[in-house]
Amino acid sequence: MASIEDKQSNGEPDDLSFLRTEDYICLNCSVVTQNGISRRMALAAEAFGNKMCFLEDITLENVTPDFPACIFVLEQALSVRALQEFVNSSENSNLSII
């Protein structure tokens, strides 16, 4: 249980709102296809230093997803809010290009 010192002003423990160096993260989301099928997808990459990423389908019951390819290690500490703002700004800029 988090102590009073570990809590921020909004009442969340510090660990929940700040990602530290060497933390492992898996970015995933739910998408609905044009056919109306709901899928869970995770961002994945093949090798160290590879900048080519792809989406791994993690909803299939008969096929085990490749979770090791979906785990990323942070090189810098960053706040969860900064990560959310970065993803949202990237989505908005991609939408304006299309």
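Residues in the stretch 53-70 that are touching a helix residue (DSSP H, G or I) at 6+ places or on another chain (Cβ under 9 Å) and in a strand (DSSP E or B) were compared, and the one that is nearest to VAL32 (Cα to Cα) is GLU56. Across the stretch 67-81, the qualifying residues are those that are out of contact with any Leu (no Cβ under 8 Å at 6 or more places or on another chain) and surrounded by fewer than 12 Cβ atoms within 10 Å (Cβ to Cβ), and the one among them that is modelled with the highest pLDDT is PRO68.
What are the residues in the stretch 1-41 that are over 22 Å from ASN88 (Cβ atoms), assigned to a strand (DSSP E or B) and at pLDDT 70 or above, if any? Passing the criteria: only TYR24.
Against the conditions (1) surrounded by 10 or more Cβ atoms within 10 Å (Cβ to Cβ); (2) modelled with pLDDT under 75, ASN94 satisfies every one except (1). As a summary of the residue check, ALA44 satisfies the conditions (1) at pLDDT below 80; (2) surrounded by 12 or more Cβ atoms within 10 Å (Cβ to Cβ); (3) among the hydrophobic types (A, V, I, L, M, F, W, C); (4) over 20 Å from GLU85 (Cα atoms) except for the one numbered (1).
The values are calculated or read from the model by the stated rules, or taken from the named source; none is laboratory data. The structure presented is a predicted model; accordingly, all values stated were derived computationally and were not measured. Here the Cβ is made from the backbone with ideal geometry for all residues, glycine too, and neighbour counts use every protein chain on show.
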